[in-house]
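The values are calculated or read from the model by the stated rules, or taken from the named source; none is laboratory data. Predicted, not measured: the structure shown is a model, and the values here were computed from it. Methodologically, a virtual Cβ is constructed for each residue, glycine included, from the backbone with ideal geometry; neighbour enumeration extends over all protein chains shown.
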Amino acid sequence: MSTEFNNHPFIDLEKLFLDDPLEILRLQQAFETNGWCFVHLSKNSRSFVTQLNHINQSLSNFFSLDQAEKSRYLSSNAFGYSCIGHKEGIKILTDQQGITDSQSVLPMSIEATLQHISQLISNLTYRLKPIITKLTVSDDKSSKQVELSAFAMLDIVQYFNKKTGPTKIPEVGYNTDEVNCVPHYDPGLFSLSILSTCDGLQLKDQRENKWIDGPDNSQVDQSNIGVIWLGEAASILTGNRFKSGIHRVIYPRTAHQARLTVWQEVCTEGQIKQLFEQNNNVELLPADAEVILANQPDSLPMSVLPGGETPHAFMKRVESRRGLAMMASTSQMQRFFVSFIKQKL
């Protein structure tokens, strides 16, 4: 098996699970350099890809339903089905045994598919978790800096790609007119992506300051390739020795090609807590303040509306304009947003 994909580290998960010291070293070096790596998902490639194809078909059938019918399943909380602007998706809370008590109602056929996805990806994620945790947590002091959760978040997103995006791929991408999802890093320990049905995912080579294409799993030679990217928690735990994996989603090179993607994020206790509390904070952000978001490198300030906004309302606008979901309470905004919230003069 090749040790590189797109001229970047390609790690064999089976070797990691066997505690191969060389493969663990390669993983560590990739995390120290860029905070992400490509991975060979399964030694039983044919069976794994067959399962992914079945999952892809089932999810595509659901997402192809008339929007009026899907609207019956719209969720009022952080979990379940959502649709906003340029994308739709399903967010599910999972643990090592699979899906936890469902917070939403979905068709039985999709519920069964979600169980299948959860089992497939959790079998990898929860075997990776102790390996990555061991690399990041060196002592009791570091482990107290971030409290890891027993839960993970399964994300399934379909980008409509009704827009074509700019003719030239932007160097950064500041909003959904330019990219599907702006450059950012996540708050958790790490995420594992196992499905991307066309091109679009890009990962930042922080040493060379350039974007690297992620796998297109519709291509036979890329069908068994996934991606691990680290979140902010890994960077905090290692004193920034491990980088947070910066990634974005551009518009596909083939216009109007919908993109379905599946990933799972190993979360912190803070993330899980705020998912259940996101609508409870009614404190308003200052009217006309400008907010710089720490986890969106090179992003522009975003203004709070003239009448002020709750953190939840502000973050819904972030999701619509910039393509990533960041439901945050005020306390989390203080931690995730750098720099400042300042009044315009």
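Below, the figures for the structure above:
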read-out: Cβ-Cβ under 8 Å pairs, at least 6 apart or on other chains, region 293-318 side at positive phi, far side not aromatic (F, W, Y); value: D298/V172; D298/P183; G308/L284; G308/L285; G308/P286; G308/A287
read-out: Some residue of region 221-232 being part of a loop (DSSP other than H, G, I, E, B), free of Cβ contacts under 8 Å to residues at least 60 places away in the same chain and among the small types (G, A, S); value: yes
read-out: Condition check for A30: hydrophobic (A, V, I, L, M, F, W, C), surrounded by 15 or more Cβ atoms within 10 Å (Cβ to Cβ), more than 21 Å from K162 (Cβ to Cβ) and modelled with pLDDT under 95; value: no
read-out: Tally of residues being among the hydroxyl-bearing types (S, T, Y) and either surrounded by fewer than 23 Cβ atoms within 10 Å (Cβ to Cβ) or not in a strand (DSSP E or B) (or both) across region 180-211; value: 2
read-out: Unique residue being crowded, with 17+ Cβ neighbours inside 10 Å and in a strand (DSSP E or B) when the list is F151, F242; value: F151
read-out: Flag for G85 being touching a residue at least 40 places away in the same chain (Cβ under 8 Å) and at positive phi; value: yes
read-out: Filter result for the condition that a residue is surrounded by fewer than 14 Cβ atoms within 10 Å (Cβ to Cβ), without any contact (Cβ under 8 Å) to a residue 40 or more places away in the chain, assigned to a loop (DSSP other than H, G, I, E, B) and not charged (D, E, K, R), over S76, S71, S47; value: S76
read-out: Boolean, F62 is at pLDDT 95 or above, farther than 22 Å from G188 by Cα, touching a Pro at 6+ places or on another chain (Cβ under 9 Å) and among the hydrophobic types (A, V, I, L, M, F, W, C); value: yes
read-out: Residue within region 81-96 that is out of contact with any Leu (no Cβ under 7 Å at 6 or more places or on another chain), surrounded by fewer than 15 Cβ atoms within 10 Å (Cβ to Cβ) and at pLDDT 95 or above present; value: no
